[in-house]
Amino acid sequence: MKLLTKSTLLAVLAVVLVIPGISMAEFPEKPITYTIPFNPGGESDITARLQEPELEKYLGVAVNVTHKPGGGGAVAWSEFQRTAKPDGYSVVGCNIPHIIGQPMIRKDAGYETDGMKVVMWFHFTPNALVVSKDSEFKTLDDFIQFAKKKPYVGTVGGSGTYSANHLETIRFMKAAGIELTYVPYTGTGPVIPALMGGHLKGAMTYTPVSVNYKDKFRTLAVAAEERVPALPDVPTFKELGYDIVGGAFRGVAVPLGTPQPVVDKLAEAYTAANKQIAKKQLDLGFVMKYATGDDAVALIGTMRKAYGDVLADIKKKK
Amino acid sequence: MVFETFMTLLDPVIILSIFAGVSAGLFVGAMPGLTATMALAVLLPFTFTLPPLHGLVALGAVYMGAIYGGSFAAILVNTPGTPSSIATAFEGYPMSKQGRALEALSIATVASAIGGIAGSLFLLLLSPPLAKLSLRFGPAEYFWVAILGLTLIASLSEGSSTKGMMGGALGMIIGTMGVAPIGGETRFTFGMPVLQGGVAMIVALIGLFVLPELYTMAAKGKTALTAVEVDSKARSSFWRVTKTVFSMPGNLIRSCIIGEIVAIIPGAGGNVANLVAYNEAKRASKHPEKFGTGLPEGLVATESSNNVTVAGSMVPLLTLGIPGAPPDAVILGVMMLHGLRPGIELFTTSGKLTYGFIISMGLAAIAMVPVGLLGGRLIYKVIFRTPVYFLVPTIAMATMLGTYAVRNSHTDVIIMLILGTMGYLFKQIGIAPAPIVLGLILGTIAEMGYVQTMLSGQASQYPALKLFENGLSHILIGMIVFSAAWPYLAALKRRIMSKKGGSA
């Protein structure tokens, strides 16, 4: 009897201690759902589709990309934070500044910036100030001089309100001491014909636009730390004396409470995938990132500080 | 470019999609109560998994087949299968009663194919230059175009223009739910985070176009239709019929042009085109008194004009994002899902896809001839024997599955059911679903245009003046005034005419 109890106890202990260890070691053992909070065809979706086969190769299970668009990502993030299980099989794409700005500005965003665990930020599309090829503005200085002479006449289009484009425009105005008029569009797509048709003086958009429309648009400056590989001739704002670095960072997150080994495994898989697709993405004007663990959290902190003042100002005005 | 694209369409999968689409469309269109818009709305979610070109080709073929299929029921049962074949029944049914049903069907087939090809040609030739012109459309112009669309809906909607206007306004209100397209405020979310996504256009489309029809079918509860007995011995040679159709080139050209003009006007599609073309054919005829007794001329006019509207109505859609006819709203939904934005880029960056889609509709029109002539007999036998109690639940199920698939959202299914039920009730008091859907689409365009104009005018003391700044805006405003006044002018003209008629 005593022996039995002892062995039972041992068995239980063994189960408790060993089984999770084994199952950890085996993660993943079933398909992973990778939710994209935007429509198919956008940059997040295109990247996910590039990553999908690489992730499957690395993890050995199927990775199913699904879409849950709405509210600039908020619909997916709020549902993810409410319902996703912290087992590593639910992964959601996430973006800066969206996850920083929305909970600050909206009353019912339905989620919190820190309500999910970021596994990795895998790339960055810096903001870029772009004008039409036939525009009178040849350099960033031309643009600034114009804005100084005619405040508010310089219309700058961009994707969305409180978006990376919007906040960068505000930071640029502050840094250069000028007044521009920011005109939001629903996404980067519609900004392009508006700039082509001469309805805007310029656009604060992302570097892939500069690369894709090299023959139609001129990029005056990019908001990156260093020059973007695909645009070697375009100066950074920093070089020109305006300390603004920003844009959209894309990454993936899992629910809070997901076991660390699982997070690490996912981070490794995304890192491996990122290396495989780097060449393709660099040519398109992306800047690759490999921010995992503490670096990933630190990046949210940096960007929150960078855009925080601007957002707080907006909130006060409302 | 065009030739190259044509070669890519010779892929067996595409050819198969065209034939499958035309057959499915023919089936749905021939079934009274099931409209082309509804067919597209039900089938749309099932094209998600297809590449964009395949999805668009399949839906384009369904659209083409459905408008043609409407003639089957019109000719054989005296009930238009879709509203685009109303006038087809005027001539087709008398022909059937005279034992010339197969001749009438063959004429409808040939005329529809010609109309379909003409529509694709119009689209192919008109849209690239118009897309270039679309670059000149800034926020102010988009605002005015959307307002023009709204006034047109009102003046063209079936029934009273007040009710059309009310439908449009209702659609605009539904469109304001969720995060504002510009400004980022959340509106009408009632504290529910999931409503930040608003009412997706596709969800509204499925609900408003499909459910009311289903309710109506279920309420009528008819089990089978009684068709004219078809005397299969009275075959008519295809070549003779083709010769008959081509022996009236004036009629064909006139009807195709009428079809195209009606198609470009937002809100009006085959449902208006077939009636106008029929009336004009009658007016131009040497023997107008014979109309209504089974005259091929009338049949050619209606069936060619309504099939022109299929591709023809996509001119404003592909260039400005404004649906020329209600079914185009569904096509717009597919395009948006694949990140294809109407405008110049469709004809440059994604030119291959756009031209492929346009040409595929011409091919679908050609495919109607073998499908209609060979499969037609089988199709109408199936149609007249499919009981409603089987059809309604099947479509209802497909509708719900499809709605869920749009955004993987249960909420969307609930929204769809609520909107559809509301749509049915509104239909009972004379507010049709089409103006509601167009209001939803145009309202968002108008709002964006207005806010963007006001914002970009910040430098001036009166930003609103920017709305009236340039020539294109003035032209559009002129058109708005004209279209808003049109119903009153028409009524006035009628009154004067009747007075004259009375005194004479």
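Less than 5 angstrom separates the built amide H of A:Val65 from those of A:Tyr34, all sequence-distant by 5 or more or on a different chain.
Given R0 = 30 Å, the distance between the Cβ atoms of B:Leu378 and B:Leu16 translates into a calculated FRET efficiency of 0.95. Could you tell me how many degrees, from 0 to 90 and to the nearest 10, lie between the Cα long axis of helix A:74-83 and the main elongation axis, the longest principal axis, of the Cα atoms of chain A? Orientation of helix A:74-83: about 10 degrees from the principal axis. For peptide A:180-189, the mean count of partner chain Cβ atoms within 10 Å of a residue's Cβ comes to 5.
Put simply, the Cα atoms of the range B:249-408 extend 57, 45, 28 Å along their principal axes, the longest span coming first. Ranked by the mean number of other Cβ atoms within 10 Å of their residues, highest first, the peptides B:124-131, A:278-285 come out as B:124-131, A:278-285. Inter-chain Cβ neighbour count for B:172-185, averaged per residue, equals 4 (cutoff 10 Å, partner chain atoms only). Going by Cα centres, the range B:122-149 and the range B:307-382 are how many Å apart? Cα centroid to Cα centroid, the span is 18 Å.
For chain A, the Kirkwood hydrodynamic radius from C-alpha pairs, put into Stokes-Einstein at 25 °C and a viscosity of 0.890 mPa s, yields a diffusion coefficient of 117 µm² per second. Relative protection proxy for A:151-164, B:260-273, B:12-25, from highest mean packing down: B:260-273, A:151-164, B:12-25 (other beta-carbon atoms within 10 angstrom). Distant-in-sequence amide contacts of A:Met120, defined by a placed amide H-H separation under 5 Å and a gap of 5 or more residues or a different chain, comprise A:Val252.
At R0 = 30 Å, how high is the FRET efficiency between B:Ala485 and B:Thr176 if r is their beta carbon distance? Nearest 0.05 is fine. Computed FRET efficiency for B:Ala485 and B:Thr176: 0.60. In sequence order, the range B:142-155 has phi-based couplings of 4, 4, 5, 4, 5, 5, 4, x, 5, 5, 5, 4, 4, 7 Hz under the Karplus curve 6.51 cos²θ - 1.76 cosθ + 1.60, θ = phi - 60°, and Gly or Pro positions carry x.
Starting from the Kirkwood Rh over alpha-carbon pairs, what translational D in µm² s⁻¹ does the range B:1-152 have by Stokes-Einstein at 10 °C and 1.306 mPa s? Translational D for this selection: 91 µm²/s. Relative to the longest principal axis of the Cα atoms of chain B, the long axis of helix B:471-503 lies at roughly 50 degrees. By DSSP, what percent of the beta bridges with both residues in the protein assembly as shown are antiparallel, rounded to the nearest 5? Antiparallel bridges: around 65 percent, rounded to the nearest 5. For a paramagnetic label modelled on B:His287 (point 7 Å from Cα along Cα→Cβ), amide N atoms under 19 Å away belong, within the range B:247-261, to B:247-252. Cα-based values for the range B:318-409, radius of gyration first and Dmax second, are 17.7, 48 Å. Working ranking of peptides B:473-486, A:51-64, A:119-132 by packing, defined as the average number of other Cβ atoms within 10 Å per residue, highest first, is A:119-132, A:51-64, B:473-486.
With a simple spin-label model that places each label point 7 Å from the Cα along the Cα-to-Cβ direction, the separation between B:Val2 and B:Leu125 comes to 0.9 nm.
Principal axis extents of the Cα atoms in the range A:126-222, from largest to smallest and rounded to whole angstrom, are 30, 29, 22. Between the amide H of A:Phe38 and those of A:Lys68, distances stay under 5 Å, these residues lying 5 or more places away or on another chain, with hydrogens modeled in the peptide plane. Seen against the Cα atoms of chain B and their longest principal axis, helix B:410-428 is set at about 60 degrees. In angstrom, the C-alpha Rg and Dmax of chain B are 22.5, 79. Enumerate the residues in the range A:72-112 having an amide nitrogen under 11 Å from the point lying 7 Å beyond the Cα of A:Lys30 toward its Cβ. Counting backbone N atoms under 11 Å from the label point, the list is A:89-90.
For chain B, the relative contact order comes to 28 percent (Cα pairs under 8 Å, sequence separation of at least 6).
Using the Cα coordinates of the protein assembly as shown, the gyration tensor eigenvalues translate into equivalent-ellipsoid semi-axes of 51, 35, 24 Å, sorted from longest to shortest.
Any idea what diffusion coefficient the range B:381-445 gets from Stokes-Einstein, in µm²/s, Kirkwood Rh on alpha carbon pairs, 4 °C, 1.567 mPa s? Don't skip to the end; give the middle numbers.
Working: Rh = 13.9 Å.
In µm²/s, the coefficient is 93.
The mean count of C-beta atoms from other chains within 10 Å of the C-beta of residues in B:450-457, rounded to a whole number, is 5. With a cut-off of 20 Å, note down the residues of the range A:112-133 whose backbone N falls inside the zone around a label point 7 Å from the Cα of A:Asp233 toward its beta carbon. The answer is A:128-133. The simple Förster model, with R0 at 51 Å and r as the Cβ-Cβ distance, assigns B:Arg385 and A:Glu268 a FRET efficiency of 0.25.
Each value in this text was obtained by applying a stated rule to the coordinates, not by laboratory testing. Remember, predicted model here, so these are calculated numbers, not experimental data. Cβ coordinates were reconstructed from backbone atoms using ideal geometry, including for glycine residues, and neighbour counts include every protein chain displayed.
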